[in-house]
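Reading through the structure tokens given below for one structure.
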Amino acid sequence: MEITLEICCDSADSVQAAIDGGADRIELCSALSEGGVTPSPGLQAAAVASGALPIYVLIRPRGGDFLYTEREWHIIYDDISRAGALGARGVVIGALDADGHLDMKRLSRAVQEAGPMDITFHRAFDMCSDPRRALQELLDLGIRRVLTSGQQASAETGAACIRQWMNQVRGQISLMPGCGVNARNVARILRETGATEVHASARALQPSLMRFCREDVKMGAADRDEFSRYVTDVDEVSRLRAELDRHAGTARETAPPAY
């Protein structure tokens, strides 16, 4: 049983670190500090041009909730189309109505816009009011992968819920644990959920290379350090890859013989 490792990247340097560390797929976004928004066409083109891994582009026009206006939906549809034109293998989408249910009408059109691209439903799922209903609706839409923390603060604490949903969908949807996944807890998460894909950012704090630093001027929040940023760490990706391969090997050794 092979385990797919998806790494979430919001810069060209992070994409390269994910490739070098042994990732299988990249979710490409910008502004991970906002939970991720749609990356620029330039970043999408650069990631696709690396040619090493499938690129799945996050389609999210802004931070905040997942209830979008008509203006924002036009942007979403256009961004899906542009991602496909730039060579993305898949898109990562999600939206809710005001009552916390899937926005089925508009998601249906988003699926149509995606055409042959693969689709992941992102962690808007963790904000929905009825996850069992949402899973059935995702099946109706033809979406076969969901990124989720089990509607908990992390995938580790939400593992039991993910397992329950796995039993509900019976292999028709891949539930991909994400949020707080790292090399220290990934094997436990896999054992407790039965998942065959995991999602992680695998980031580490990188100090700025600037020699001149104006500390009294802020580009964002007043308490933000403008001279450091989080980037994907190749060593953490490698450790995750090693843990996944070790888990897969153990699963093969303990599997009952086939007759």
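The values are calculated or read from the model by the stated rules, or taken from the named source; none is laboratory data. Values in this document were obtained by computation on a predicted structure and should not be read as measured data. Every residue, glycine as well, gets a Cβ built from its backbone with ideal geometry; the counts of neighbours run over all protein chains shown. Ligands, DNA and RNA are stripped out before the accessible areas are found, and what is left, the full protein with its side chains, is counted by its heavy atoms. Shrake-Rupley method; radii C 1.70, N 1.55, O 1.52, S 1.80 Å.
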Quick check on my filter: what residues within the range 119-167 are surrounded by 23 or more Cβ atoms within 10 Å (Cβ to Cβ), polar (S, T, N, Q) and within 18 Å of N185 (Cβ to Cβ)? T148, S149
Quick count over the range 28-67, residues being buried (at least 18 other Cβ atoms within 10 Å of the Cβ), more than 14 Å from the chain's Cα centre (by Cα) and not small (G, A, S), is 5
Search the range 198-210 for residues that are on the phi > 0 side of the Ramachandran plot and pair each with any residue that is assigned to a strand (DSSP E or B) and open to solvent by 90 Å² or more (accessible area, probe 1.4 Å) when their beta-carbon atoms are under 9 Å apart and the residues are at least 6 apart or on different chains. none
Answer with yes or no whether H247 is within 30 Å of V169 (Cβ to Cβ), of a type outside the set (V, I, T) and outside any helix (DSSP H, G or I). no
Selected residue (only one of D24, D10 is surrounded by fewer than 18 Cβ atoms within 10 Å (Cβ to Cβ), within 17 Å of the chain's Cα centre (by Cα) and under 20 Å from D233 (Cβ atoms)): D24
Within the range 194-206, is there a residue that is assigned to a loop (DSSP other than H, G, I, E, B) and open to solvent by 50 Å² or more (accessible area, probe 1.4 Å)? yes
Criterion violated by D235 - all others in (1) open to solvent by 50 Å² or more (accessible area, probe 1.4 Å); (2) farther than 22 Å from V92 by Cα; (3) free of Cβ contacts under 8 Å to residues at least 40 places away in the same chain satisfied: (3)
